[in-house]
Amino acid sequence: MNWRTWLSVVTAASCACATPLNAYETDQYTNRGELVADSTDVLNREVNRTITDIAANWSKGHDEMAFVNAVYHRIGGHHWVDKLEKWAMKSPEVDKLTTPRYGSVYSGFPPWVMRVTGLFGIGKSIRLNNELVGSDKIGHFLSQGRKFYRRYVRTGSEIQAAKQSIFTERAIFGKLTTGAYSNADLVANYEGHRFYRSLFEDDVIPGKPAILRWEGDGWVIQRKFDWADHVNAFWDEVLLPNHFDCLAKRYVRKRITGFCEAFWIEPDLYRILDDSALVARYRDIGIRDTRDMRVDVLCTSEDVFLQSYAGAGD
């Protein structure tokens, strides 16, 4: 089977899936220093508006899963791109990072390297909780987070629920179709499950009550949803890089070193000063060690320094 036939098979299989398949990659490398307005308040408004409307018109009794499903059907979705994600990508209220379709960190790679990314292009990146994140993470949060939550309810174990999330990133949403295993996708999936739990459980968000309380014959809203309770540096694929297979890694690694000049101008844009708390928080969800693909690691490595020195002498 040649690569064109293989790519056609993968693409057809992707399109046949009943669940959303974010087969594109996003790029938080290119134009990283650009000023992008934070959209936390805007997207908080949309989620809280949804929760408020569902609660105000509720008629299905004390059924927590039904409420989860109602949220999902309203702003998630069964199609390629979740409804809230699609809205964010199109809305002028949501500022986006400028990422050229043919000038991204993934542009120009052979088709067999990045698979269907070449067909679907590069997704938008936005700023949430002052972090640059791919808009696809909204879909992971709402759709894959719901699946994670359902598995958690069924098994009573986050570790067991995470196993399927790991499988889908490895075999369906990640390496099979794009050549990349996205650690940040796994983080967004897990945080989505925490959101659905926090609808009904106190202290899922430490120190905060559940968003909802059942009283009488209806839901009472106790507090507002906030993306800041869930979004952190590990949603940013520059700070928590993808794990690439052997076909893609050498191409992407070389491309990342092209950002070394930008790194040395503004190194804080590419660093996490202390990620120990996040590492501990996500230790059981399948994150792979990709520190060797971080800009701050690559650009301070001896081999990159020697290459730069040799080039300066040409």
What are the residue pairs meeting all of these: first residue in segment 235-248, first residue over 10 Å from Met293 (Cβ atoms), second residue of a type in the set (Asp, Glu) and at pLDDT 95 or above, Cβ atoms under 6 Å, and 6 or more apart or on different chains?
Trp235/Glu131; Asp236/Glu131
For segment 65-84, check the following and say yes or no: at least one residue is modelled with pLDDT under 95 and within 30 Å of Tyr270 (Cβ to Cβ).
yes
Is it the case that Glu237 is closer than 24 Å to Ser39 by Cα and surrounded by 17 or more Cβ atoms within 10 Å (Cβ to Cβ)?
yes
Criterion violated by Arg291 - all others in (1) modelled with pLDDT of 95 or more; (2) closer than 23 Å to Glu191 by Cβ satisfied
(1)
I'm told Thr178 meets every condition in (1) at pLDDT 95 or above; (2) buried (at least 22 other Cβ atoms within 10 Å of the Cβ); (3) not small (Gly, Ala, Ser) except one. Can you identify the failing condition by its number?
(1)
Of everything in segment 184-221, what is touching an Asp or Glu at 6+ places or on another chain (Cβ under 8 Å), free of Cβ contacts under 8 Å to residues at least 24 places away in the same chain and closer than 21 Å to Arg150 by Cβ? Give them in sequence order.
Ala210
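In the set Trp264, Trp214, which member is modelled with pLDDT of 95 or more, of a type outside the set (Lys, Arg) and part of a strand (DSSP E or B)?
Numbers: Trp264 fails: part of a strand (DSSP E or B).
From the options Trp264, Trp214, the qualifying one is Trp214.
The values are calculated or read from the model by the stated rules, or taken from the named source; none is laboratory data. Source: prediction; values computed, not measured. Positions of Cβ are generated from backbone atoms using ideal geometry, with glycine treated the same way; all protein chains shown enter the neighbour counts.
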